[in-house]
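Q: What follows is a single structure, and I will ask about it in a moment.
The values are calculated or read from the model by the stated rules, or taken from the named source; none is laboratory data. Keep in mind it's a predicted model, so treat the numbers as computed, not measured. Calculation scope for accessible area: heavy atoms of the full protein, side chains included, ligands and nucleic acids excluded. Shrake-Rupley method; radii C 1.70, N 1.55, O 1.52, S 1.80 Å.
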Amino acid sequence: MIYTVTFNPAIDCVIRLSNLQSGAINRADSQDIFVGGKGINVSLVLNQLGTQSVAMGFSAGFTGAAIEDGVRAQGVQTDFIRLKNGYSRINMKVKTDNETELNGPGPEIDDEAFEMLVNKLDRLNKGDILVLAGSVPSSLPRDVYRRIIHRLDGKGVKFVVDAAGDLLMNVLQYKPFLIKPNNIELGEIFNMTLKSREDVISCAKKLQEKGAVNVLVSMAEEGAILLDENGQVHRIAAPKGEAVNSVGAGDSMVAGFLAGFLKTGDYSYALKLGTAAGSATAFSSDLAKRSEIEKLLMTLE
């Protein structure tokens, strides 16, 4: 089973209007409401691809209940820790000729709630996959990913980490099955600007040397590069289309990669499905649907 953890889920309210006037009443042309967070996004796209998962994490207040209801309504099993105080965040995204975001802070996660989560994770067994994605709230220690993985180390659980900076670097010693930095995050790790695919491959190899089993680097319109555990370097171009949405594209790539690998055991196919899923979300106003992913998959070589 795949388990995803979202530490700070959200309700995303997307409002579209032709012109935003500061200090005045603005009337929207349209709005959409989504439930999400990086781990939740992975679970929702996995579900579109016919792969089951359990979405875990923390929720609080009536907004947290709405998030859990929204995830279950889309066919994904949930196992969240309900916090006693606060509210799960609401993020406002105002789209005119550009985009303005107002992201809520989310509730505080105390030691008791965190211990409840890791106790649930203790039930994971050999062959299970744990996806840890995104940043963590300020109420949690900065090495929280490392603490979780250290606790499960040796049980045969495969770890997938989609994070930046120290959150990622601190877990490499535990040989995560997959890490997915984007090219900008990869460059920041080594304090350099990556100017070519050769630069990307060189830095990705360094992460493998530090322990990562497979390194998947997303590069937006330039496609993606995968360094697999067998020493192979896979390159793929991005499919053609108009990018209208950046939210959830990386999460969709992770979901597609996992679904593809679990189905075939083939890294080349996993990269294709991951690229199709990530691009389908980028070309859509919401997370990609299965039909959209399959349509793009047929265009990839």
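Q: For the chain, taking Cα atoms only, what is the radius of gyration to one decimal and the Dmax to the nearest whole Å?
A: Over the chain's Cα set, Rg and Dmax evaluate to 18.8, 59 Å.
Q: Then there's this: Would you tell me the accessible area of ASP153, worked out with a 1.4 angstrom probe on the heavy atoms of the protein chains, in Å² to the nearest 10?
A: Looks like 80 Å² after rounding.
Q: Further, regarding this structure: Could you sort ASP111, ASP199, ASP228 by accessible area so the largest value comes first, with the probe set to 1.4 Å?
A: ASP111, ASP199, ASP228
Q: What figure in square angstrom, to the nearest 10, would you give for the accessible area of ILE33 with a 1.4 Å probe?
A: 100 Å²
Q: For the chain, what relative contact order do you get, as a whole percent, if you take Cα pairs closer than 8 Å and at least 6 residues apart?
A: It comes to 14 percent, rounded to a whole number.
Q: Choose one answer from LEU44, LEU121, LEU178: the residue with the largest mean-square fluctuation in a GNM of the chain with alpha-carbon springs under 10 Å.
A: LEU121
Q: Give the ranking of LYS120, LYS155 by solvent-accessible surface, highest area first, calculated with a 1.4 Å probe.
A: Ranking LYS120, LYS155 by accessible area, largest first, yields LYS155, LYS120.
Q: Take the cross-link list LYS126/LYS263; LYS240/LYS289; LYS155/LYS210; LYS38/LYS175; LYS206/LYS295 and give me the ones stretching past 29 Å between alpha-carbons.
A: From LYS126/LYS263; LYS240/LYS289; LYS155/LYS210; LYS38/LYS175; LYS206/LYS295, over 29 Å: LYS206/LYS295.
Q: For region 82-101 and region 15-81, compute the distance between their C-alpha centroids and round to whole Å.
A: 10 Å
Q: Work out, in µm²/s and without decimals, the Stokes-Einstein translational diffusion coefficient of region 8-49 at 10 °C, 1.306 mPa s, Rh from Kirkwood over C-alpha pairs.
A: The calculation lands on 127 µm²/s.
Q: Under 1.5 on a/c is rounded, so check that first for region 73-209, then, if it is not, pick prolate when a/b is larger than b/c and oblate when it is not; a ≥ b ≥ c are the square roots of the alpha carbon gyration tensor eigenvalues.
A: The shape class here is oblate.
Q: So what's Rg/Rh here for region 150-189, counting alpha carbon atoms and using the Kirkwood radius for Rh?
A: Rounded to two decimals, Rg over Rh is 1.00.
Q: Given the protein chains as shown and a 1.4 Å probe, how many square angstrom of MET219 are accessible, to the nearest 10?
A: 10 Å²
Q: Shape of region 17-88 from its Cα gyration tensor (a ≥ b ≥ c, root eigenvalues): rounded if a/c is under 1.5, otherwise prolate when a/b > b/c, or oblate?
A: oblate
Q: Then there's this: What order do ARG16, ARG290, ARG235 take when sorted by accessible area (1.4 Å probe), most exposed first?
A: So, going from the largest accessible area down, we get ARG235, ARG290, ARG16.
Q: What accessible area per residue, rounded to a whole number of Å², is obtained for the chain using a probe radius of 1.4 Å?
A: 48 Å²
Q: Give me the distance between the Cα centres of region 152-219 and region 267-292, rounded to whole Å.
A: Between the Cα centres of region 152-219 and region 267-292 lies a distance of 21 Å.
Q: Can you bin region 65-117 into rounded, prolate or oblate? Criterion: square roots of the alpha carbon gyration tensor eigenvalues sorted a ≥ b ≥ c, rounded for a/c under 1.5, prolate for a/b above b/c, oblate for the rest.
A: Here region 65-117 falls in the oblate category.
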